[in-house]
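Beneath this line is the structure, given in structure tokens, with notes to follow.
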Amino acid sequence: MNYRHTYHAGNFADVAKHLALVGVLLHLKKKDTPFAVIDTHAGRGLYDLSGSEAERTGEAKAGIARLRDLRIEDAPPLLAAYLEVARGWGETRYPGSPLIAARLLRPQDRLVAIEKHPDEFAALKRALQPYPRARAVGGDGYEQLPALLPPPERRGVVLIDPPYESENDFADAARAAATAIRKFATAILLIWFPVKAKAEADRFCGEVIAAGAGKALRVDIVVDNPPRDGKARLSSAGLLVMNPPYGFDTEMTRALDAIAPLLGSNGEVVRLTAT
Ligand code: SAM
């Protein structure tokens, strides 16, 4: 396990993923009934954008930092809500998915955030301490997921966001998505994936869709000039959204369009169907 999200936190892919997460959570909050958030690969929760790791890759500088001058009042509603949460820890710190979810929970809602790496887990536990409705769990997200489904609330979102550092990650993520669909059919699923090869990403999406969720969207974001530090950097990422809430596609498209000129990105939301 070499992957550390600290190098990538706040990059264009995080921005798109976290926009989607905020969008889904705002929809779940439209009803008073409680919901659960399950984050299978949670990371450390809070990231230092002024540290050497973030400086080395420059990914946050080419991502969230470019949205710094955007005025919340001028942004479309989803982007405004995202910016408000993302800016909640100041300019040099960026919240990861568990902290974003924890911040948006109501007293009746619940978060389970799973992280395998011991150091990242220790940091996650600290980051979630102020949030009584959030629980950090150390261990393997894939192994723990089945026992958490369906949650007693019978409403909620499952975020599957592995590092894709091994060849098995696409297969493991597809299997986890299939388990989530089978055990918690009404769940909103968010499954992040890198687009290094188009055919691989398309195959992965086809496999997840074939597992049987009702509706599905694919959100893609591509950037022109990813930062380089001697290594080729990711320039394209995607997100599968299974059972997307009504109106989510329009809200997401508006938000992606608004950030496109700043990030040098192209964002697209496409409705998918099983073939
Ligand atoms: N979801 C986070 C966010 O949006 O802020 C980012 C997560 S990062 C892409 C992936 C995380 O998964 C890393 O912190 C890594 O240590 C952790 N990880 C890797 N394999 C895991 C596994 N099998 N179960 C749980 N966590 C794992």
- Do any of Lys125/Lys183; Lys125/Lys196; Lys17/Lys116; Lys31/Lys183; Lys61/Lys198 go past 29 Å between their Cα atoms, and which? Lys125/Lys196
- Query: Relative contact order for region 73-164 using alpha-carbon pairs under 8 Å, separation at least 6, rounded to a whole percent?
  - Reply: 21
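Using Cα-Cα distances under 8 Å and only pairs 6 or more residues apart, what relative contact order does region 1-134 have, in percent?
It rounds to 38 percent for region 1-134.
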- Per the 1.4 Å probe, what fraction of the accessible area of region 133-275, in percent, lies on carbon and sulfur atoms? 50
- Phi-based couplings in Hz for region 179-192 (Karplus 6.51, -1.76, 1.60; Gly and Pro marked x): 4, 5, 5, 5, 8, 8, 4, 8, 4, 8, 10, 10, 10, 8
- Note on the structure: Probe 1.4 Å, heavy atoms of protein chains only: per residue, the accessible area of region 154-203 in Å² is 45
- Query: Per-residue ellipticity at 222 nm for the chain, helices alone: DSSP H runs ≥ 4 residues times -39500 (n - 2.57), over residue total, nearest 500 deg cm²/dmol?
  - Reply: -11000 deg cm²/dmol
- Query: Can you list the HN-Hα couplings for region 78-85, worked out from phi with the Karplus curve (6.51, -1.76, 1.60; θ = phi - 60°), rounded to whole Hz and with x for Gly and Pro?
  - Reply: 5, 5, 4, 5, 5, 4, 4, 6
- Query: When only Cα pairs under 8 Å and 6 or more residues apart are kept, what is the percent relative contact order across the chain?
  - Reply: 23
- Query: Given the C-alpha centroids of region 74-116 and region 185-222, what is the distance between them in whole angstrom?
  - Reply: 23
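The values are calculated or read from the model by the stated rules, or taken from the named source; none is laboratory data. Everything quoted here is computed from the prediction, not taken from an experiment. To get the accessible areas, we keep the full protein, side chains included, count just its heavy atoms, and leave off ligands, DNA and RNA. Shrake-Rupley method; radii C 1.70, N 1.55, O 1.52, S 1.80 Å.
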